[in-house]
Amino acid sequence: MARFELKLPKMGESVAEATITSWLKEVGDTVELDEAIVEIATDKVDSEVPSEVEGTVIEILYEKDDVVAVGATIAVIETEGDNEEVVATPTTKEAPKQSAPKEVSEVEKTIEKATEIVATPVTKTSDSGKFYSPLVRNIAQTENVSMEELETIAGSGKDGRVTKEDILSFIENRSAAPEKFSVPKQEAKVEKEAQKAAPVSVNGGDEIIEMSRMGKLIAKHMVDSVQTSAHVQSFIEIDVTNIVKWREKVKDAFLKREGEKLTFTPILMQAIASTIKKYPLINIALDGDSIIKKKNINLGMAAALPDGNLIVPVIKNADQLNLVGMTKAVNDLANRARKNALKPDEIQGGTYTVTNVGSFGSVMGTPIINQPQVAILALGAIRKVPSVIETPDGDFIGIRQKMFVSHSYDHRVVNGALGGMFIKTLKEILESWDLSQDF
């Protein structure tokens, strides 16, 4: 028999850890090649870790809700074979110590010390019921953070869990402003109570529903965005009659030839990518006082999840895709979003976001910017409306297919002229659609 160590795989350049949310296998269970063995959650997306071998699970090294570093061994699988050698497994539930680079940041030193030093233990669960992962507890022990201080940290993780970033931020702020933590306990308690929101009245007929992990992340992201950017909106109405007629004419042939359903979304996304290319200063990010002009046009596409939350998969280099390529990308990402099968890298790196509020029947919306981007576009519902049609022989009233487009942008770096010209150009591109073109 041989033993195989299943490690937490790399899930993207910016993903360093994940939380175990559910074990799909137990010790003693057999597992097939590529069969999912554990469900994990990052701050971006939920996913599964498949087994890389066939065999029997003989050891599980982490519990549900534990935070695991990328590359750490999470389980041991016994396989058929003659190789008796076993790769050393960690004796604790923390990630093995990595060889440090020549220059190590203070944050990295803190984490490294936390994995080596055993101080006065901090309990796994506080009196109030809060759960603290092994990494957070070790950092607390190393930095002499008491249970009382841990209780004051507002956790951003699942179910309000305190994450590595939360406690490191707490330690950094405590070091920068020690006087804040020298307040007498009674005064500190009063201050903490004053910061709490006014309690919500609950009667016997009300139902209390815990926010999902994804819901909490979205809520925090939205509040942070409103507090960061100076939001302003521009609106425009676009006549998409020619696009509606063209799609109706070609959709069956498109499905037969490409095996993909042609919706309005890829048509609109392709036009948006072309518009961004004309106005590259909408494809930027703000870093302090510096503007970062993005080379690639990576379109984020807000998609609904089965639980009602939204996720934003990203179409990379969208301006380089023709309509067929854009349709395949849109359909693939939307389908996998509904199945919670997106990879972390597929929801990162966006430079501009599009949300289709019209899919829910809304005529228009005022979306919140997806940080660190500086603009977001909302597509309203396509409606048949009476419209004044201008001709050489005079004006007359006719029925046209129209939609509103709402453009939210960060007024710190995008002025009204750029924000307005952007959607005016998008309108011109869509209204000049050629009915005779092929796909």
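The values are calculated or read from the model by the stated rules, or taken from the named source; none is laboratory data. All of these numbers come straight from a predicted model, not from anything done at the bench. We place every Cβ from the backbone using ideal geometry, glycine too, and count neighbours over all the protein chains shown.
Of everything in region 309-335, what is among the polar types (S, T, N, Q) and either in a loop (DSSP other than H, G, I, E, B) or more than 17 Å from the chain's Cα centre (by Cα) (or both)? Give them in sequence order. Write out each step before concluding.
Within region 309-335, the first condition is being among the polar types (S, T, N, Q), and the residues that meet it are 309, 317, 320, 322, 327, 331, 335.
Within region 309-335, N309, N317, Q320, N322, T327, N331 qualify.
Residues are listed down the side, and each one gets a yes or a no for (1) modelled with pLDDT of 75 or more; (2) surrounded by fewer than 14 Cβ atoms within 10 Å (Cβ to Cβ):
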{"residue": "S105", "(1), (2)": "no, yes"}
{"residue": "K109", "(1), (2)": "no, yes"}
{"residue": "I117", "(1), (2)": "no, yes"}
{"residue": "G129", "(1), (2)": "no, yes"}
{"residue": "L135", "(1), (2)": "no, no"}
{"residue": "E143", "(1), (2)": "yes, no"}
{"residue": "I171", "(1), (2)": "yes, no"}
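Are any of the residues in region 35-50 modelled with pLDDT of 90 or more and over 25 Å from the mean Cα position of the chain (by Cα)? Explain how you work it out, then say what you get.
At the first step, the residues of region 35-50 found to be modelled with pLDDT of 90 or more are 37-38.
Retained after the next criterion (residues that are over 25 Å from the mean Cα position of the chain (by Cα)): none.
Within region 35-50, not a single residue is modelled with pLDDT of 90 or more and over 25 Å from the mean Cα position of the chain (by Cα).
Working only within region 235-281, note down all residues that are surrounded by fewer than 18 Cβ atoms within 10 Å (Cβ to Cβ), in contact (Cβ under 8 Å) with a residue 40 or more places away in the chain and within 29 Å of the chain's Cα centre (by Cα).
Residues satisfying the conditions are F235, I236, E260, K261, T263, F264, S274, K277, K278, Y279, L281.
Go through region 223-241 and report how many residues are assigned to a strand (DSSP E or B) and among the small types (G, A, S). I'd like the intermediate steps shown before the answer.
Going residue by residue through region 223-241, those that are assigned to a strand (DSSP E or B) are 231-239.
Those still in the list that are among the small types (G, A, S) too: 234.
Qualifying residue count for the region: 1.
Report the residue count in region 278-308 for those that are hydrophobic (A, V, I, L, M, F, W, C) and in a strand (DSSP E or B). Give the steps one after another, and end with the answer.
Taking region 278-308 first, the residues hydrophobic (A, V, I, L, M, F, W, C) are 281-282, 284-286, 291-292, 297, 299, 301-305.
From the residues that got through so far, the ones that are in a strand (DSSP E or B) too are 284-286, 291-292, 299, 301, 303-304.
Matching residues across region 278-308 total 9.
Can you tell me which of (1) closer than 21 Å to A341 by Cβ; (2) not in a strand (DSSP E or B) is the one I40 doesn't meet?
Status for I40: all satisfied but (2).
Of the residues that sit in region 326-345 and are free of Cβ contacts under 8 Å to residues at least 60 places away in the same chain and not aliphatic (A, V, I, L, M), which one is surrounded by the fewest Cβ atoms within 10 Å (Cβ to Cβ)?
Checked region 326-345; the qualifying residue surrounded by the fewest Cβ atoms within 10 Å (Cβ to Cβ) is K339.
For region 218-250, how many residues are among the β-branched types (V, I, T) and over 21 Å from I267 (Cβ atoms)? Lay out the reasoning, then the answer.
First, pick out the residues of region 218-250 that are among the β-branched types (V, I, T): 218, 223, 226, 228, 232, 236, 238, 240-241, 243-244, 250.
The next check asks that each one be over 21 Å from I267 (Cβ atoms); those that pass are 218, 223, 226, 228, 232.
Result for region 218-250: 5.
If you check P306 against the conditions, is it under 25 Å from S47 (Cβ atoms), of a type outside the set (S, T, N, Q), within 12 Å of the chain's Cα centre (by Cα) and assigned by TED's automatic domain parsing to the domain that holds G380?
Numbers: under 25 Å from S47 (Cβ atoms): yes; of a type outside the set (S, T, N, Q): yes; within 12 Å of the chain's Cα centre (by Cα): no; assigned by TED's automatic domain parsing to the domain that holds G380: yes.
In short, no.
Of all residues in region 391-420, which are out of contact with any strand residue (DSSP E or B) (no Cβ under 9 Å at 6 or more places or on another chain) and either surrounded by 16 or more Cβ atoms within 10 Å (Cβ to Cβ) or more than 30 Å from S229 (Cβ to Cβ) (or both)?
If the condition is that a residue be out of contact with any strand residue (DSSP E or B) (no Cβ under 9 Å at 6 or more places or on another chain) and either surrounded by 16 or more Cβ atoms within 10 Å (Cβ to Cβ) or more than 30 Å from S229 (Cβ to Cβ) (or both), then T391, P392, D393, G394 are the ones that fit.
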